[in-house]
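S.K.: Sharing a structure, written as structure tokens. Questions coming.
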Amino acid sequence: MKYLLILVTILSAVTLSAQYVAVNAPAPVMAVDSNMKSEQNVLEAEEKMLISVVGQGVAPMNTSSPAQAYALAKRAAVADAYRLIAEKVKGVRIDGQDLIKNMMVKHSTIRTSVAAMVRNANIVETTFKEGLCEVEMEILIFHAQFK
Amino acid sequence: MQKCDGTAYNPIIFETRNDKNLKKILFNNKEEFINYIHKLGLIIEHKDSTINFVYTSTTILTLKTKCFKVDFNDNFVRISPLK
């Protein structure tokens, strides 16, 4: 009977210690989890992403030839495509102001701006139809560069 | 004009067609050259405004200041930026 009591005591002690381990187990698991997250962030930062935009440009009315109209429309479309890439990568600053008097809009102003440096963008396709030139442009950038 | 140092990289080659005038060669190949030089780095400044529902916009593209090495051969010219 005495031995049986001792055995029961030992068994309950083992069970308690097992519970203790089980309670304390999540702490190292959490540390591993945060390490995995930081590793994942590093991997994501090194991952490349493809940004694709379509810029549009219209030729001016007073051109000396259709060729000049095409060239000018294309130039405008390329500039628009670069601007769209800059807006996607860097973001846009927007300032707005509305003047309302007697519950009516008297004056409304919205200004947007972006400034960026773009390198290694590629023109994928150019189309010119009914005076509108469209340029599809792509850029491959690292995830870390995308803010 | 100042002297530039650096190593040449990523060259572009044009046919000279017996012409040693770089300006003329670049003009004859302007589409290709502009596309090439844009890839080296381009500063974009864009502003637009909508005032009383009338839209106006201005986009300024500025090339980065860069030094180039230019080598003339018999039939070709090799243009390489310096890093």
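The values are calculated or read from the model by the stated rules, or taken from the named source; none is laboratory data. Computed from a prediction, not measured in an experiment: that's the story for all the values here. Reconstructed Cβ throughout: ideal geometry from the backbone, glycine too, with neighbour counts over all protein chains shown. Accessible surface is based on the protein model in full, side chains and every heavy atom, while ligands, DNA and RNA are left aside. Shrake-Rupley method; radii C 1.70, N 1.55, O 1.52, S 1.80 Å.
S.K.: Looking at A:120, A:62 in this structure, which one is in a loop (DSSP other than H, G, I, E, B) and either on the phi > 0 side of the Ramachandran plot or modelled with pLDDT of 95 or more (or both)? Explain how you work it out, then say what you get.
M.R.: Values: A:62 fails: either on the phi > 0 side of the Ramachandran plot or modelled with pLDDT of 95 or more (or both).
None of the others qualify; the one that does is A:120.
S.K.: If you don't mind, there's one more thing I want to ask. Residues to consider are B:33, B:27; find the one that is within 14 Å of chain A (Cβ to nearest Cβ) and open to solvent by 90 Å² or more (accessible area, probe 1.4 Å). Before you say what the answer is, go through the steps one by one.
M.R.: Values: B:33 fails: open to solvent by 90 Å² or more (accessible area, probe 1.4 Å).
Of B:33, B:27, the one residue that is within 14 Å of chain A (Cβ to nearest Cβ) and open to solvent by 90 Å² or more (accessible area, probe 1.4 Å) is B:27.
S.K.: Give the number of residues within region B:37-77 that are exposed (fewer than 15 other Cβ atoms within 10 Å of the Cβ) and in a strand (DSSP E or B).
M.R.: Counting residues in region B:37-77 that are exposed (fewer than 15 other Cβ atoms within 10 Å of the Cβ) and in a strand (DSSP E or B) gives 13.
S.K.: Which residue out of A:138, A:134 is part of a strand (DSSP E or B), within 20 Å of residue B:37 (Cα to Cα) and more than 10 Å from chain B (Cβ to nearest Cβ)?
M.R.: Values: A:134 fails: within 20 Å of residue B:37 (Cα to Cα).
The unique qualifying residue is A:138.
S.K.: Within the group A:130, A:125, which residue is exposed (fewer than 11 other Cβ atoms within 10 Å of the Cβ) and at positive phi? Steps first, answer last, please.
M.R.: Numbers: A:125 fails: at positive phi.
So the residue among A:130, A:125 that is exposed (fewer than 11 other Cβ atoms within 10 Å of the Cβ) and at positive phi is A:130.
S.K.: State all residues of region A:68-86 that are facing chain B (nearest Cβ under 10 Å) and open to solvent by 60 Å² or more (accessible area, probe 1.4 Å); if no residue qualifies, say none.
M.R.: A:75
S.K.: Return the residue satisfying two criteria in turn: it lies in region A:87-117 and is free of Cβ contacts under 8 Å to residues at least 40 places away in the same chain and assigned to a loop (DSSP other than H, G, I, E, B), and of such residues it is most open to solvent (accessible area, probe 1.4 Å). Lay out the reasoning, then the answer.
M.R.: Initial filter on region A:87-117 (free of Cβ contacts under 8 Å to residues at least 40 places away in the same chain): A:87-88, A:92-117.
From what is left, the residues that are assigned to a loop (DSSP other than H, G, I, E, B) are A:92, A:102-103.
Numbers: A:92: 65, A:102: 137, A:103: 181 Å².
Within region A:87-117, the match that is most open to solvent (accessible area, probe 1.4 Å) is A:103.
S.K.: Mind telling me which of the residues A:145, A:56 ends up being over 29 Å from residue B:53 (Cα atoms) and away from chain B (no Cβ under 11 Å)?
M.R.: A:145
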